[in-house]
1. Taking region 1-39 only, how many residues are under 18 Å from residue 94 (Cβ atoms), in a helix (DSSP H, G or I) and touching a helix residue (DSSP H, G or I) at 6+ places or on another chain (Cβ under 8 Å)?
2. Is there a residue being within 18 Å of the chain's Cα centre (by Cα), among the aliphatic types (A, V, I, L, M) and either crowded, with 20+ Cβ neighbours inside 10 Å or at pLDDT 95 or above (or both) anywhere in region 96-119?
3. Test residue 71 against the stated conditions and say whether it is aliphatic (A, V, I, L, M) and either under 22 Å from residue 348 (Cβ atoms) or modelled with pLDDT of 95 or more (or both).
4. I want to confirm something. Restricting to region 330-361 and keeping residues that are assigned to a loop (DSSP other than H, G, I, E, B) and not aliphatic (A, V, I, L, M), which single residue is surrounded by the fewest Cβ atoms within 10 Å (Cβ to Cβ)?
5. If residue 65 satisfies all but one of (1) modelled with pLDDT of 95 or more; (2) farther than 30 Å from residue 142 by Cβ; (3) of a type in the set (A, V, I, L, M, F, W, C), what's the number of the condition it fails?
6. Which residues, counting only those in region 176-226, are within 18 Å of residue 329 (Cα to Cα), aromatic (Phe, Trp, Tyr) and out of contact with any helix residue (DSSP H, G or I) (no Cβ under 7 Å at 6 or more places or on another chain)?
Amino acid sequence: MAITDVDRQFFHHLIAYGQTSRAALSADIGISRPTASQSARRLLRADIIRETGRPSVQRGRVPLLYDVNGARGYTLSLALDHDWIGLRVSDLSRRVLWEKIEQSTPETTAGLLIERSRALVAEGRARATGECLAVTCSVADPVDPWTGQVIDMPNSPFTAGHIDVGSAIFELAPDRLHVDNDVHWAAFAESRIGLMCSQPNFLYVFIGAGIGSAIYVNGALYRGASGLAGEIGHARVAPGQTLVERLIELGVASPDDSSIDTDKLIEAFETGPAGDKAKAVINAIAWAIANTIITLNPAVVVFAGRVFGTPAFSSRLRGAVLNMLPTPIDIRETAFGPYAPLLGATLGAAERAESYLNLRH
């Protein structure tokens, strides 16, 4: 029997509020009790919900309670970052079954990254039961939205840019594998459960070993024709010079792989009044961000990355950006930590699993 819109409402109410009775559900979502009963029967037959028993403290006629059947299947979310790799396994109810994060280094080879990632995936699968409903992967390089292949950018500091994630790590890429950029996943988390959950138009700017952004327009991520929208590290901030090239010239990015030395960047603002070099760094980054804001006209800008934990850097960059704009804009800092890409990939896997089961349009 086909899943109906009422069934979807039933399911998402359980996701949001936990176990409930048919009577409580009918009152909460505005349907009749018979309709709620019919929906419960369909979802039980589809193995999507389960009966959890009856409350033990209630007198009189005790209602039967229902909850999402987490054992129906699971999702895998893998994140490959400059400094760490992590895997999270969740069930259909979005409960985290298992998680492991391992530290990495820029010297990690593609072969070692594949080996460690495959070991994590195998360990995660061993902790799960049921059908694998969706797999997501976060990488610190752009991803072609049409092919799902990682785009190997010039002088990229990220090892994942040199491998085919689907075939190398997951052996045979599952139909439900979805690979995306780490900044995109972090912004996705922001749009679902973070500062931007009620704001459809925003710019998310991340500064770490790399610098990039994610663009949300009318509630949807804008990727561009080939997945390169928001790569502000490649924006021109001077004639013939990109932002990353300017940061290399200023001594805060590596000439070998273009990675930003965040320790050196933080140190420049923690040791006293900012010198000429620190001011030049701020101006270069602010120029790229301000031009992006002027072009896109977002309602809000969200800053993310370890460097924003340094108040002197954060306040100076915020001030420089605002000074370059024709009108003020709301600039905020994310509340999520360094593992935001894994959080976003986990939320994305949950939504893809629900779509696979026809529980989401």
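The values are calculated or read from the model by the stated rules, or taken from the named source; none is laboratory data. Here the structure is a predicted model, which means the values were calculated and not measured. Every residue, glycine among them, receives a Cβ derived from its backbone with ideal geometry; neighbour counts consider all protein chains shown.
1. 6
2. yes
3. On the way: aliphatic (A, V, I, L, M): yes; either under 22 Å from residue 348 (Cβ atoms) or modelled with pLDDT of 95 or more (or both): yes.
Answer is yes for this residue.
4. Of region 330-361, the ones assigned to a loop (DSSP other than H, G, I, E, B) are 334-339, 357-361.
So of that shortlist, the ones also not aliphatic (A, V, I, L, M) come out as 334, 336-339, 358, 360-361.
Numbers: 334: 21, 336: 18, 337: 10, 338: 15, 339: 20, 358: 14, 360: 15, 361: 7.
Step by step, filter region 330-361, then rank; the result is 361.
5. (1)
6. Of everything in region 176-226, just one residue is within 18 Å of residue 329 (Cα to Cα), aromatic (Phe, Trp, Tyr) and out of contact with any helix residue (DSSP H, G or I) (no Cβ under 7 Å at 6 or more places or on another chain), namely 202.
Residues checked against (1) within 25 Å of residue 311 (Cα to Cα); (2) at pLDDT 90 or above:
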residue	(1), (2)
224	no, yes
227	no, yes
234	no, yes
238	no, no
244	yes, yes
250	yes, yes
254	yes, no
259	yes, no
269	yes, no
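Here is a yes/no grid of residues against (1) more than 20 Å from residue 193 (Cα to Cα); (2) touching a Pro at 6+ places or on another chain (Cβ under 6 Å):
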{"site": "79", "(1), (2)": "no, yes"}
{"site": "84", "(1), (2)": "yes, no"}
{"site": "91", "(1), (2)": "no, no"}
{"site": "94", "(1), (2)": "no, no"}
{"site": "102", "(1), (2)": "yes, no"}
{"site": "105", "(1), (2)": "yes, no"}
{"site": "113", "(1), (2)": "yes, no"}
{"site": "120", "(1), (2)": "yes, no"}
